[in-house]
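Here the structure comes first, spelled out in structure tokens, and everything after it is commentary.
The values are calculated or read from the model by the stated rules, or taken from the named source; none is laboratory data. For clarity, every value in this text was computed on a predicted model and none was experimentally measured. Glycine also receives a Cβ, built like all others from the backbone with ideal geometry; neighbour counts cover every protein chain displayed. For accessibility, only protein heavy atoms count, side chains too; no ligands or nucleic acids. Shrake-Rupley method; radii C 1.70, N 1.55, O 1.52, S 1.80 Å.
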Amino acid sequence: MLSTTVLDTNWMGRARSIAAVLLESSGHRAMIDPGPASTLGTLREQLAARGISVADLNAILLTHIHLDHAGATGVLIRENPNLEVYVHKAGMLHMADPAKLLASAERLWPGQLQILFGETLPVPFANLRVLNGGETLSLGSRSLEVVYTPGHASHHVSYFDSTDGTAFVGDAAGFHIEGEPFVVPVAPPPDIDLEAWSASFDAIASRKPARLFLTHFGYSNDPAAHIAEYRKNLQRWSTLAAGILRSTQDQQAGLEAFVAAASKEIEQRLPKAEAEHYIFNCGLNITWLGLSRYHRKRAEAATTGSKARTN
Ligand SMILES: [Zn+2]
């Protein structure tokens, strides 16, 4: 038996916000991105409804280590010490010692980590399985190709399921609710990289997946069109952020201008209730911080580079 089941973790009491995926094959059970610990109660219920408990899981496959995808991992291992955790090498040490990851998240969501993500525990080294990209994982009778897809984060991989052509792309292809017409860029600090991201789009598209699966939220059935639109939207918001940075030195004013323009675009493209759900979930303020940091760092690198040339 081979099955792929989407589990809605109902993050912050909202359906269609964060999805975990259960992959079952010949008695092997793996979960892609279990979500944060704050939604573990829902995850357990979802598993129980299928006659499964955390103790029955064999592996966790992380697309990347952001808390909304990977935060529950340490707590799950406390419950099931046999779990194998697959993670890109750039994220491995942060799973083993999440102090820096939590400090970085605390800067983005001051005082709110507990309510948003719950308890984040270290993952013992013995449980970690390091990925570089390029591996093929055999899970029961299913095989998954691992592709390194940085851009949203330096530690991001995607999993390609050869059995049905699904590409599990985590956050590499934006925020998009299944069936809706708009893909919203999600570009958090500290390590978004638009050039690397563009290469990741090529890597995903060139494998011609039958469909994408996004953690936020669900399937997208026309991967080529989805990626083309996401490229365009990400580029447009990057240009918007760069323009705002040129027009003001004030971070707060910049943030407000970006969030206002981005919210307006979402509201123009989606029905009111859907627009509100997108705006609640996709962290426009965080995307501003990511894009503005990316442009500032590039400008600094250009200045340092030209100084070095004139010296
Ligand atoms: Zn992420």
Take the solvent-accessible surface of the protein heavy atoms, probe 1.4 Å, and return the percent of it on segment 24-149 that carbon and sulfur atoms account for.
52
Any idea what diffusion coefficient segment 41-109 gets from Stokes-Einstein, in µm²/s, Kirkwood Rh on alpha carbon pairs, 20 °C, 1.002 mPa s?
164
Have a look at Ile279, His216, Leu234 and report the one farthest towards the positive end of the charge dipole of the chain, computed about the Cα centre with Cβ charges (Lys/Arg +1, Asp/Glu -1).
Leu234
Whenever you get a sec, compute what percent of the accessible area on segment 229-305 sits on carbon and sulfur atoms (1.4 Å probe).
56
Given the convex hull over the Cα atoms of segment 6-77, what projected area results after averaging over all orientations, in nm²?
4.4
The chain, accessible area per residue, ligands and nucleic acids excluded (1.4 Å, Å²):
42
Compute the longest continuous run of the chain that contains no exposed trypsin sites (Lys or Arg not before Pro); treat a site as exposed when its DSSP state is not H, G, I, E or B and it has at most 15 other Cβ atoms within 10 Å.
51-206
Using the alpha carbon gyration tensor of the chain, what are the three equivalent-ellipsoid semi-axes (square root of 5 times each eigenvalue), largest first, in whole Å?
31, 21, 20
List the lysines whose Cα sits under 17 Å from the Cα of Lys100, skipping any in the same chain fewer than 8 residues away.
Lys89
Take the alpha carbon gyration tensor of segment 1-138, find the square roots of its eigenvalues, order them as a ≥ b ≥ c, and report rounded if a/c is under 1.5; if not, report prolate when a/b exceeds b/c, else oblate.
oblate
Based on Cβ point charges of +1 for Lys and Arg and -1 for Asp and Glu, what charge dipole magnitude is obtained for segment 2-231 about its Cα centre, in debye rounded to the nearest 20?
220
